[in-house]
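Only the coordinates and a few stated rules stand behind these numbers; no lab work does. From a predicted model like this one, the values you see are computed outputs, not experimental measurements. No Cβ is skipped: glycine too gets one built from the backbone with ideal geometry, and neighbour counts run over all protein chains shown.
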Amino acid sequence: MTVHELRTRPADSKRGDASDGGALAGQVGGRLSRVDGPAKITGAAKYAVEQQLDGLSHAVLVESTIAAGRVRSIDTAAAQAAPGVLKVLTPDNALRLNTATDWLGTPPPDVPYCPLARDITFSGQHVAAVVAESFEQAVAAAALVKVSYDEAPVIADLSDAKAGDGIPVDAMTKEWGDAEAAFAAAPVRICAAYNTPREYQAPMEPHGLIAQWQGDQLTVWEPSQWLDGMARTYAEWFGVPFENVRLVSPYIGGGFGSKAFAYGYGAVAAMAAKMLGRPVKLAVTRPQTFTAYGGRAATRQTVALGANAEGQIQSIVHRGVNETSVDGMWVEPLGSVTSIMYATPNFSSRQNVVRVNSVVPGALRAPGENPSAFGIECAIDELAYEVGIDPLEIRLRNYAEQDPEAKKPWSTRQLREAFAAGAEAFGWSKRSPEPRSMRDGNQLIGWGVAAGTYPVRRAYGEAVVRILADGSVEVESSSIDMGQGTYTILAQTAAETLGVPADNVVVKLGDSRYARAGVTGGSRLAGVMTGAVHKAATAALDQLVGLAISDPRSPFHALQPNTLVVTEGRISSPRGDGPDVPIAELLGSVGRDRIEAKGDTMPANSTPEERYKNYTTIAMALPHTEGDYSRHSWCAHFIEVRVDEDFGTVRVSRVVSALDSGRLYNPKLAESQWKGGIIMGIGQALLEEGIVDRRHGRIVNNNLADYLIATNADIPDIEVISVGIPDPHSSALGGKGVGELGIVGVAPAIANAVFHATGMRVRDLPITLEKLI
Amino acid sequence: MTSRTSIHLTINGHDHELEVEPRVTLLDALRDHLGLTGTKKGCDQGQCGACTVHVDGQRVLACLTLAAQAQGRSITTIEGLAEQDGTLHAVQAAFLEQDAFQCGYCTPGQIMSAVACIREGHAGSDDEIREYMAGNLCRCGAYPHIVAAVRQAAMEAAS
């Protein structure tokens, strides 16, 4: 199912980018087209819930229509009697499940878990489910379930008077110097509040799963950013060994942070499958994707900057708040960029979380860094105007030569280069500094700049590399490809390491039976997995060369190991004076049908428990400031907007971004991810906002026509420039994160451009026309 | 409702007989009853374009079309776009070359829209392509590459 019989076309054999000195397409750093592409453009790629199973039944969720209170009763009679109905699940007849370990590895409390709620803490909570022979029957019967409630007062959102100031999160406090006093004494002071609304991942593939039990073995076909983590959750819920749960996720139709965990609906489907003894499919509807799991929490920040007359920052005082749910905890780290982007002798950042009647919020592209950058990158723009210097110049004057918080040198920081390359390509020097000074007819033109960053999240990984009898190569890992290009870059890594053409490599991902893998999130996968595949492939190559030299049947018998090379799938002596044979021929002559090597980057003495913990929690992730360096990727966005003077409509007309993600494993695919982040950032800046009905605590625009994401017509040409250099401290092959980085800094660059165009400073996202007229 | 109706569908040049409830959409008929899962369900309410197919050559949202409505008409899905020998349609080839997708979930709908967009004569400029492809959402943000792919395929079609 995950095998791609792909052959590299000659047109793809272009050279890679300059940072790799022009790598061939099939090598690391080359512009190989994505190897899973043909399956995706022909409709052959079967996503998780598209498996066709005999006896499949269909589950549909019933959700709470109130946001706070208690279920008084559920009348299931009409639904039970509806045609085709197999089961109506409520808290009264649900199986008793265990609470599972969380993603941080926190041992769970010894209390039962029920994915169907009696106590209601948010609108859209699962309260019942109907399983029927057909999808249509389940939908119709679910509408017949009558739920009555005892309602309680609702805390709708952060601005609700009942919400209060929230709970301090001490772990988020960062302080050095005396920030309050230095701010009070600074000759130039600015202070403003910056707000971001609820935002949603909205991947094009809605969530869902097919669950099937065979005895005490559970198979779950579910789009997943973390097969082993989710398998652990299912295993613990149902009290079966981890090895009994198989997660299958060959392709993922977008995740953006939302598909890393097993959620309540998964427990419902797996429970129904167990009770009915047949496979159950549960497809979360598009409206349900707004409440079946959490989007980005709404945030509020105040940023106070004290500076001297030259615009050099003396103090930063930052206070943040994000919403969380009534009974869950989500911290969106709002001081993460604030504390590292600029040098300052005095700093203070603190954060609270406020409980509201919402589903527990979750990760959305660059959680923390994204809203954090909106605050500090708008604030420094305001400071630039306050002291009367160019917004790009003020960033250079406050350039942090080392990590101001960790007090460690950067591993690599090509941000100065990003500013220079971006400004040059954009034509920043032609900018007229005054707001409202550039126009084209009715359109006010504004140019804005902002920087972005994302930490390098590192973890241990493993992979299996197999050289088969025909000389082809297999790579196996339970990591996944949701569009970042994992299939492709791992083929390139194995090909380069082994010396075989990339089109002779088949990469198998997305099945928890393969070598284990941690979460795909926080832009860590590429660095982790290229390192693991490189290690496994090196071990396989060593075996191959060892065999060639040691086996008496080999034509290379008794040669020295370092005298053999493998290129283009052939083994030879580099001096060109010996035999030159294909790998398949060598394996045949020594009577081997395969060579297999497992490589992992765990410390050598790791115990099985540590390995399990490494792949099923994030407890063993390596801090980005571990050791001697502080590791981050960096970027600078230069954006032009056109604002209609009469109507206040904002259009982004030009984007140039220069980005430092270290070495790029495949520039063609990395550029696509960067642009994707920038485009999501344009939507965030101008369109995206979960609108809360204040009376009922309900998201009213829970669909793709009312929750606006950017369409093709909203997006101009986008130029991305790689300014990265290989970073040996960040990953085995020198790359830093790609996927999260691109969005960070886009919204503030647009807000800053809107100010330049109009003279109006909008500090609440999204920047909609009513805020400008 | 348990009554079933017999429907005859012509999909990618092949005839199919289906016994389904009258309320079954064309999208669910394709995906769940015929195993043609290349056509994607992104919203099931006509908002995202992932389920775009051609009915008698026109782009249609399969989630807003009952299977019964398509009876007697010629349906083309993403599975029927390439040649019998596997040669890719020019739009498919352009999508691969331009990297006009990432996760791939909106891609079949994008490609079906793009083929029609070119055939309708609405691929004359980048702005026109953006406008006439705006009904197909892509959350990965492949839009500039989609425009490049449609432009490339349109130019190949014209030459």
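Observations, loosely collected:
- Most tightly packed first, judged by the mean number of other beta-carbon atoms within 10 Å of their residues, the peptides B:126-135, A:371-380 read A:371-380, B:126-135.
- Each of A:125, A:375, A:210 was scored by the projection of its Cα onto the charge dipole of chain A, and the greatest displacement toward the positive side belongs to A:210; charges sit on the C-beta of Lys, Arg, Asp and Glu.
- Relative contact order, whole percent, for segment B:90-158 stands at 49, derived from Cα pairs under 8 Å and 6 or more residues apart.
- Counting Cβ atoms of other protein chains within 10 Å of each Cβ in A:675-681 and taking the mean gives 5.
- Overall form of chain B per C-alpha gyration tensor (a/c, 1.5; a/b vs b/c): prolate
- For the listed peptides A:539-550, A:354-365, a ranking on the average number of other beta carbons within 10 Å per residue, highest first, reads A:354-365, A:539-550.
- Charge dipole of the protein assembly as shown about the Cα centre (unit charges at C-beta), most positive-ward option of A:472, A:406, A:672: A:406
- Only Lys, Arg, Asp and Glu carry charge here, each on its Cβ (+1 for the first two, -1 for the last two); on that basis segment A:468-608 has a dipole of about 380 debye about its Cα centre.
- Virtual spin-label span in nm between residue A:558 and residue A:612, 7 Å along Cα→Cβ: 5.1 nm
- Neighbourhood net charge (15 Å Cβ-Cβ; Lys/Arg +1, Asp/Glu -1) for residue A:88: -2
- Bridging of residue A:668 to lysines at a Cα separation below 26 Å is possible for A:14, A:40, A:46, A:259, A:508, A:535, A:736, B:40, once same-chain residues fewer than 8 apart are set aside.
- Separation of alpha-carbon centers, segment B:85-147 and segment A:121-137, rounded to whole Å: 35 Å
- Taking Cα atoms only, the orientation of helix B:107-119 departs from the longest principal axis of chain B by about 70 degrees.
- Shielding by other protein chains, A:50-58, mean Cβ within 10 Å: 2
- Between 0 and 90°, nearest 10: helix B:143-158 axis offset from chain B longest Cα axis: 90 degrees
- Averaged over the residues of B:85-94, the number of partner chain Cβ atoms lying within 10 Å of the residue Cβ comes to 2.
- Net dipole in debye of segment B:5-79 [+1 Lys, Arg Cβ; -1 Asp, Glu Cβ; about Cα centre; nearest 20]: 300 debye
- In a fully extended conformation the segment linking residue A:770 and residue A:159 would gain 218.0 nm over its present Cα-Cα distance, using 0.36 nm per residue.
- Positive-end extreme of charge dipole, segment B:5-79 - chosen from B:35, B:50, B:69 (charges on Cβ): B:50
- Dipole moment magnitude, nearest 20 debye, the protein assembly as shown about Cα centre, only Lys, Arg, Asp, Glu C-beta charged: 680 debye
- Long hydrophobic helices in chain A: the complete DSSP H runs spanning 24 Å or more by Cα along their own axis with mean Kyte-Doolittle hydropathy of at least -1.0 are A:369-387, A:525-550, A:667-686.
- Within the same chain, lysines fewer than 8 places from residue A:146 are excluded, and of the rest, those with a Cα less than 17 Å from its Cα are A:87.
- Prolate/oblate/rounded label for chain A (Cα gyration tensor, a/c 1.5): oblate
- Cα→Cβ-extended label distance, 7 Å offset, between residue A:705 and residue A:437, nm: 4.6 nm
- Centre separation in Å (Cα based) which lies between segment A:26-45 and segment A:713-773: 27 Å
- Our note on the geometry: Cα centres of segment A:330-393 and segment A:477-547, 36 Å apart.
- Couplings 3J(HN,Hα) for segment A:217-226, derived from phi with the Karplus relation 6.51 cos²θ - 1.76 cosθ + 1.60 (θ = phi - 60°), are 9, 10, 10, 10, 9, 8, x, 8, 8, 7 Hz, where x marks Gly and Pro.
- For residue A:745, net neighbour charge (Lys/Arg +1, Asp/Glu -1) across residues whose Cβ lies under 10 Å away: -2
- Extension gain for residue A:73-residue A:96 works out to 6.3 nm (0.36 nm per residue, less the C-alpha to C-alpha distance).
- For the peptides A:197-204, A:407-414, A:475-482, A:693-700, the ranking by packing is A:475-482, A:197-204, A:407-414, A:693-700, with the highest mean count of neighbouring Cβ atoms within 10 Å listed first.
- Whole-number percent relative contact order across segment A:53-129, with pairs defined as alpha carbons under 8 Å at least 6 apart: 48 percent
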